[in-house]
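The block underneath contains the structure these notes are about, expressed in structure tokens.
Computed from the coordinates by the stated procedures, all read-outs in this text should not be read as laboratory data. Not measured: the values here are computed from a predicted model. Heads up, the Cβs are rebuilt from the backbone with ideal geometry, glycines too, and the neighbour counts pull from every protein chain shown.
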């Protein structure tokens, strides 16, 4: 199995993440429970959606200076998750690499397109009207994605086509990211063992 464990402790946050990209063949989808604890209910929910729709097995244990707000914690989880995914991908030989899709969530529709080819870039064209969902600042969704892209080395475009409900819009982003990243990280049987680049290296 392609998997990795990553720990990052700073004066602001303490984060431990384990990710397995491939479920065991003898385990039915959903048989393995993803464990996610960040201290923020909404962020837990979004990461659980990401894990489920990516097909990854994830264990996230994170805490930090949430007496200030959830900024440091959310950004740092993105950073550590990116580091962990990069380690799990290893040399990336045989992966599909690219993926894109439109993800509907009730009235919300979001386009997610990505490349896990080693080039870090984020285009986040999402307008959420509400400042908060629960105790989560909605602007932190972008901070999470920025940290993830930098440490994973991923090009990510997220564009909101429609949507008015803040929860639905952000949920569409995380579900779409999960589906797309799960596809991009999957092994392409026709390219098994090959580096997915004409350069011969990512």
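Would you list 159, 179 from fewest to most Cβ contacts within 10 Å?
Details: 159 15, 179 20.
In order of increasing Cβ crowding within 10 Å: 159, 179.
Round to the nearest 10 and give me the degree value, 0 to 90, for the angle of helix 166-185's Cα axis relative to the longest principal axis of the chain.
10
Please label the shape of region 110-164 as rounded, prolate or oblate, based on the square roots a ≥ b ≥ c of the eigenvalues of the alpha-carbon gyration tensor (a/c under 1.5 means rounded; beyond that, a/b larger than b/c means prolate, else oblate).
On the way: a/c = 3.61, a/b = 1.61, b/c = 2.25.
Oblate, since a/c reaches 1.5 and b/c is not below a/b.
At 20 °C and 1.002 mPa s, what whole-number value in µm²/s does Stokes-Einstein give for the translational diffusion of region 50-119, with Rh from the Kirkwood sum over Cα pairs?
Numbers: Rh = 14.8 Å.
Approximately 145 µm²/s, per Stokes-Einstein.
Give me the distance between the Cα centres of region 137-187 and region 1-21, rounded to whole Å.
The two parts, judged by their Cα centres, are 19 Å apart.
At 222 nm, what value in deg cm²/dmol follows for the chain if DSSP H runs of at least 4 each add -39500 (n - 2.57) and the sum is divided by all its residues, to the nearest 500?
Numbers: 4 runs with 66 residues, N = 202.
Helices in the chain give a 222 nm mean residue ellipticity of -11000 deg cm²/dmol.
Say each of residue 127 and residue 157 gets a label point 7 Å from the Cα, pointing the same way as Cα to Cβ; how far apart are those two points in nm?
Result for the modelled spin labels: 1.9 nm.
Using Cβ counts within 10 Å as a stand-in for footprinting exposure, how do 170, 17, 36 rank, fewest first?
Details: 170 28, 17 23, 36 20.
Listing 170, 17, 36 from fewest to most nearby Cβ atoms yields 36, 17, 170.
What distance in nm separates the simple spin-label points at residue 67 and residue 7, each placed 7 Å from Cα in the Cβ direction?
Reported label-point gap for residue 67 and residue 7 is 2.4 nm.
For the Cα atoms of the chain, what angle does the longest principal axis make with the long axis of helix 140-152, in degrees from 0 to 90, nearest 10?
20
For the pair residue 22/residue 195, report the inter-label distance in nm, with labels modelled 7 Å from Cα in the Cβ direction.
In this crude label model, residue 22 to residue 195 measures out at 2.1 nm.
Can you tell me the convex hull volume per residue for region 3-190, based on C-alpha atoms, in Å³ to the nearest whole number? Present the calculation step by step, with values, prior to reporting the outcome.
Details: hull volume 20.1 nm³, N = 188.
That works out to 107 Å³ per residue.
Fewest Cβ neighbours within 10 Å first, please rank 35, 23 accordingly. Don't skip to the end; give the middle numbers.
Details: 35 13, 23 16.
Ranked by crowding around the Cβ, least crowded first: 35, 23.
Which angle from 0 to 90°, rounded to the nearest 10, does the C-alpha axis of helix 71-89 make with the longest principal axis of the chain?
10
What FRET efficiency comes out for residue 187 versus residue 119 if R0 is 25 angstrom and r is the Cβ-Cβ distance? Round to the nearest 0.05.
Values: r = 21 Å, r/R0 = 0.84.
After rounding, the FRET efficiency stands at 0.75.
Between 133, 116, 19, where does the largest GNM mean-square fluctuation fall for the chain, given springs only between Cα atoms within less than 10 Å?
Highest fluctuation of the listed residues: 133.
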